[in-house]
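Below is one structure, written out as structure tokens; comments come after it.
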Amino acid sequence: MKQTATEWMANELLYLDNEYDMKLIDKNEYQARRKQIIEQAKTMEKEQHKKTWSEGMFCETGDIQAFEQYYNKNFKNAN
């Protein structure tokens, strides 16, 4: 089974927290990498939604422009 964006982010943040707790990275690097992980998870989530959309679960035609409107309306502002 494929990992969700949320599962991936949780694992990455746990690993990052461990690195910081063990003092392998400083606070600045921790904050920068945390931001990167969150942004990557958002991108992954959008791609997962797009894949679901294009496979026809939401739209028989797989219209990507319609997906963008749907995604922006329902998910973009929540991030």
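Values quoted throughout were computed directly from the atomic coordinates according to the rules given, and no laboratory measurement underlies them. This is a predicted model, so every value here is computed, not measured. No Cβ is skipped: glycine too gets one built from the backbone with ideal geometry, and neighbour counts run over all protein chains shown.
Spelling out what I want: for every residue of region 37-53, take phi, set θ = phi - 60°, compute 6.51 cos²θ - 1.76 cosθ + 1.60 (Karplus), and round to whole Hz; glycine and proline get x.
4, 5, 5, 5, 5, 4, 5, 4, 4, 4, 5, 5, 5, 4, 4, 4, 4
Given H placed 1.01 Å from N in the peptide plane, which residues other than close sequence neighbours of T4 have an amide H under 5 Å from its amide H?
HN-HN under 5 Å from T4: empty list.
With +1 on the Cβ of every Lys and Arg and -1 on the Cβ of every Asp and Glu, and nothing else charged, how large is the dipole of region 5-78 about its Cα centre, in debye rounded to the nearest 20?
260 debye
Tell me, what ³J(HN,Hα) does each residue in region 28-35 have, in order and in whole Hz, if you take phi through Karplus 6.51 cos²θ - 1.76 cosθ + 1.60 with θ = phi - 60° and put x for Gly and Pro?
Computed from phi, the couplings for region 28-35 are 4, 5, 4, 5, 5, 5, 4, 4 Hz.
Hey, what's the Kirkwood Rh for the chain if you take every pair of different alpha carbons, in angstrom?
Final number for the Kirkwood radius of the chain is 14.2 Å.
Would you mind checking the pairs K51/K73; K2/K73; K27/K51; K23/K76 and listing those with alpha carbons more than 24 angstrom apart?
Among K51/K73; K2/K73; K27/K51; K23/K76, the Cα-Cα distance tops 24 Å for K2/K73; K27/K51; K23/K76.
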